[in-house]
Structure formats: C-alpha cells, structure tokens
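Chemist: Below are the structure tokens for one structure; questions will follow.
The values are calculated or read from the model by the stated rules, or taken from the named source; none is laboratory data. Just so it is clear, the structure is predicted and the values come from calculations on it, not from any experiment. All Cβ positions, even for glycine, are placed from backbone atoms using ideal geometry, and neighbour counts span all protein chains on display.
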Amino acid sequence: MTDQRSVFDIRPMRRDEWEDVAELIHESTNAWYVANGKKPIFNGPPSDAMLFCEVYEALDPGHCLVAESSSDHRIAASCFYHPRPTHLSLGIMNVHPDFFGQGLAGALLSRIIEFAKVRELPVRLVSSAQNLDSFSLYTRKGFVPFLSFQDLYIEIPENGPDFAPSDQPFIEEASMKDLAEMVELERELSGIERSKDYAYFIANELGIWRTLTYRDEDSRLLGFLSSVNHPGNRMIGPGIARTEEIAVALLAKQLDGFRGLCPVFLLPVTASHAVRTAYSWGAKNCEIHFAQCLGRYQPPKGVVFPTFMPETG
C-alpha cells in the first residue's frame, strides 16, 4: 500500500484556492446527498459555496486545511476549524468523491485534534446522524454525542408567515451594546464563548446577517438568535434562549425575515414545545444531527440553536 503522506500534501489553504475549495464543498456535499436519495443542498452554481471561504477566512484567517494530491495537484479534501477561548469548533469538512475511502477525513481531523490538544481546548462539532461514515470517524477519535437536534425546514409565503407575532415589544435588533451580555448568556447556558462571531454578525458587512435579542420588562437579556440569508446558506442560528417560549418568539420573528424562501433551523429534540410549535407552523423534518465533543463540555441549559454557517459552536 502506498504511504498516504507521499500521495497527499496536507497544508493550509491558500487565497488563490478559494474557488477550488468552494467547488469541492459544492460537489462533494451534493454528491453525498444525491447518493443517499436526497435533494442536493446547493441548488445554485459552485460560486454560492464561496460563502464558506469568505466568512471563515474573515473570522479565522489561515484556519482551513486542504489535502492536495501530489500526482495532479487537485484539492482532494478540506476542513475549516475555529479556535475560540473555550473550545475549538470543527467546521465544514469535505472530501471529493474521486478520493473517498483514502483516509483523508481522518488525516485532516487528526491534524486539527493535535492543534487543539497543544492549546488544551476541547473540540466540538455538530455531525449528521445519517452520515454513519462521518459519525463513526468522530466516535472512533473519542468524540461523545451529548445533544440531538431535529433539522427542520419551512416554506415562508411571499406575504409573510401567519404565525409571526405582529407585536413583540421584547424583541429588538441586536447592536454592539448587547454583545457583552450575549457572550455572558451563552457562556452561562452553554459553557462556550465566541464574542467575535456575534460582533461579526452585528457588524453585518456582507449584509446577510440578522441578530435579534429578547429582553424582559426589566431589560434583562433572556435570549438571542442570529440568521444568515444567502443563496449558499439560508439558516437560522446560532442562538440561545432561557426558555422554549422565548426560543419560539425569536424563531417566529426570524422566520418573518425569510419571505418567499425556505430556511432551515435546528431545534434540540428535548425542546418538545418548540418542536411541536414549529410543526404547527408547517415545518418538516429533513435530518437529525448530534452535537459531539472531544474533551470537557457543559451540558447546555435552555434552548440551543446551532448552525452550519458559521460552525463555531
């Protein structure tokens, strides 16, 4: 058997490779879904997946590994990763169908685990329960699932949803003055910190983010929820709420911003009231995901909204 290290060069992604990595993300993701009897995730051109390079490099420049084939110099695999003060989050990982079964995902993962180990950070991710190959990859490395999520999607009419509350005095658009409290709330309820993510959403230089806060009558922050609206990803999250009622109110308000579109959101399977409410609005299940961690983690409280853009939780 040929030694893998003589076949593939694993190294950081270069700026001139963004288009190649975007095409890899587009092709490999769609290939897996189609092969498993599902609709493609990306309906537009490969350039839509450039969003991942743009956002992830803005947040964490230089934190994407690629595997380059030494024979033809193709980008065979890639993986983004996101160091934060409390943890390291594994971002989107892709292997081109032409290179399946050659151990590239495991090689990239091992490099990133070593990076986190040196910095004494636990590694977190949200992985598909239906992709048993990736699930097995992570659990073999010692990752432990600690929370399950239902992936839900809902088609929003052009004139808006009939369930969105017309008046929510406790919900407002987030501003930088909310940032410190948002970070503190997530750290209390989930045990993680990612202030630069929320600062990036609120600054919204790309014009695709929306972040809402929920405060009580005494102006105490009880929840917040972000969303991304882009052809490459229309998704609600990340966010967190102290109660399911607050989570539902924030979700309804976010969904009102996706008129004529079909956003996806994830809810914990334990949030039965929120899940049933989403069903009553017309939401349908499309997948199941597990939050997993290698190392220490705090069991989350309240309602957690994970997301795949960006995967920094």
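Chemist: Taking segment 262-273, which residues are outside any loop (DSSP other than H, G, I, E, B) and surrounded by fewer than 22 Cβ atoms within 10 Å (Cβ to Cβ)?
Modeler: Step one: filter segment 262-273 for residues outside any loop (DSSP other than H, G, I, E, B), giving 264-268, 272-273.
Residues satisfying the conditions are VAL264, PRO268, SER272, HIS273.
Chemist: Quick one: in segment 25-42, of everything that is outside any helix (DSSP H, G or I) and modelled with pLDDT under 90, which residue is nearest to the chain's Cα centre (by Cα)? First the steps, then the outcome.
Modeler: Residues of segment 25-42 that are outside any helix (DSSP H, G or I), as a first pass: 36-42.
Next, only the ones that are modelled with pLDDT under 90 stay: 36-41.
Details: ASN36: 21, GLY37: 23, LYS38: 20, LYS39: 19, PRO40: 18, ILE41: 14 Å.
Taking the candidates together, the pick is ILE41.
Chemist: If you don't mind, another one. So, ILE112, is that one at pLDDT 95 or above and surrounded by fewer than 19 Cβ atoms within 10 Å (Cβ to Cβ) or not?
Modeler: Values: at pLDDT 95 or above: yes; surrounded by fewer than 19 Cβ atoms within 10 Å (Cβ to Cβ): no.
Here the answer is no, as ILE112 does not meet what is asked.
Chemist: Can you tell me which residues in segment 109-139 are touching a residue at least 24 places away in the same chain (Cβ under 8 Å), assigned to a helix (DSSP H, G or I) and of a type in the set (Lys, Arg)?
Modeler: ARG111
Chemist: How many residues does segment 203-261 contain that are of a type in the set (D, E, K, R) and part of a loop (DSSP other than H, G, I, E, B)? So that I can check it myself, show each step before the final result.
Modeler: Step one: list which residues in segment 203-261 are of a type in the set (D, E, K, R), which gives 205, 210, 215-218, 220, 234, 242, 244-245, 253, 256, 259.
Next, only the ones that are part of a loop (DSSP other than H, G, I, E, B) stay: 205, 216-218, 220, 242, 256, 259.
Of the residues in that region, 8 qualify.
Chemist: Being assigned to a loop (DSSP other than H, G, I, E, B) and modelled with pLDDT of 95 or more, is that true of even one residue in segment 10-20?
Modeler: Residues of segment 10-20 that are assigned to a loop (DSSP other than H, G, I, E, B), as a first pass: 13-14.
Checking the rest, the ones that are also modelled with pLDDT of 95 or more come to 13-14.
Looking for residues that are assigned to a loop (DSSP other than H, G, I, E, B) and modelled with pLDDT of 95 or more, one finds at least one in segment 10-20, hence yes.
Chemist: Since PHE146 meets every condition but one in (1) aromatic (Phe, Trp, Tyr); (2) assigned to a helix (DSSP H, G or I); (3) closer than 19 Å to ALA291 by Cα, which condition does it not meet?
Modeler: Only one criterion is unmet by PHE146, namely (2).
Chemist: Please go through (1) in the same structural domain as LEU251 (by TED's automatic domain parsing); (2) more than 17 Å from the chain's Cα centre (by Cα); (3) modelled with pLDDT of 95 or more for PRO165 and return the number of the only condition it doesn't satisfy.
Modeler: The failed condition is (3).
Chemist: Any residue in segment 247-257 that is touching a residue at least 24 places away in the same chain (Cβ under 8 Å), surrounded by fewer than 20 Cβ atoms within 10 Å (Cβ to Cβ), closer than 17 Å to MET309 by Cβ and not assigned by TED's automatic domain parsing to the domain that holds PHE42?
Modeler: Checked segment 247-257: at least one residue is touching a residue at least 24 places away in the same chain (Cβ under 8 Å), surrounded by fewer than 20 Cβ atoms within 10 Å (Cβ to Cβ), closer than 17 Å to MET309 by Cβ and not assigned by TED's automatic domain parsing to the domain that holds PHE42.
Chemist: Still on this structure: Return the residues of segment 168-178 that are assigned to a helix (DSSP H, G or I), in contact (Cβ under 8 Å) with a residue 12 or more places away in the chain and either surrounded by fewer than 15 Cβ atoms within 10 Å (Cβ to Cβ) or of a type in the set (Val, Ile, Thr) (or both); say none if nothing qualifies. I'd like the intermediate steps shown before the answer.
Modeler: Residues of segment 168-178 assigned to a helix (DSSP H, G or I): 176-178.
With the extra rule that they be in contact (Cβ under 8 Å) with a residue 12 or more places away in the chain, the set shrinks to 176, 178.
The answer is MET176, and nothing else.
Chemist: Would you pick out the residues in segment 212-235 that are of a type in the set (S, T, N, Q) and within 23 Å of TYR81 (Cα to Cα)? I'd like the intermediate steps shown before the answer.
Modeler: Going through segment 212-235, the residues of a type in the set (S, T, N, Q) turn out to be 213, 219, 226-227, 229, 233.
Across segment 212-235, the qualifying residues are SER226, SER227, ASN229, ASN233.
Chemist: Are any of the residues in segment 168-175 touching an Asp or Glu at 6+ places or on another chain (Cβ under 9 Å), among the acidic types (Asp, Glu) and closer than 17 Å to MET309 by Cβ?
Modeler: Within segment 168-175, none of the residues are touching an Asp or Glu at 6+ places or on another chain (Cβ under 9 Å), among the acidic types (Asp, Glu) and closer than 17 Å to MET309 by Cβ.
Chemist: So which of ASP151, ASP133, ASP162 is crowded, with 19+ Cβ neighbours inside 10 Å and farther than 18 Å from TYR297 by Cα?
Modeler: ASP151
Chemist: Quick one: would you say CYS286 is part of a loop (DSSP other than H, G, I, E, B) and in contact with a strand residue (DSSP E or B) (Cβ under 8 Å, 6 or more places away or on another chain)? Spell out how you get there, then give the answer.
Modeler: Working: part of a loop (DSSP other than H, G, I, E, B): no; in contact with a strand residue (DSSP E or B) (Cβ under 8 Å, 6 or more places away or on another chain): yes.
Here the answer is no, as CYS286 does not meet what is asked.
Chemist: So in segment 47-70, with the set limited to residues that are free of Cβ contacts under 8 Å to residues at least 60 places away in the same chain and farther than 17 Å from PHE308 by Cβ, which one is farthest from the chain's Cα centre (by Cα)?
Modeler: That would be ALA67.
Chemist: Could you say which residue among GLU181, GLU193 is at negative phi, surrounded by 14 or more Cβ atoms within 10 Å (Cβ to Cβ) and without any contact (Cβ under 8 Å) to a residue 60 or more places away in the chain?
Modeler: Unique residue meeting the criteria: GLU181.
Chemist: Here is a follow-up. What number of residues within segment 56-81 are under 20 Å from LYS196 (Cα atoms) and surrounded by 22 or more Cβ atoms within 10 Å (Cβ to Cβ)?
Modeler: Of all residues in segment 56-81, those under 20 Å from LYS196 (Cα atoms) come to 56-64, 80-81.
Imposing the further condition that a residue be surrounded by 22 or more Cβ atoms within 10 Å (Cβ to Cβ) reduces the set to 56, 64, 80-81.
So the count comes out to 4.
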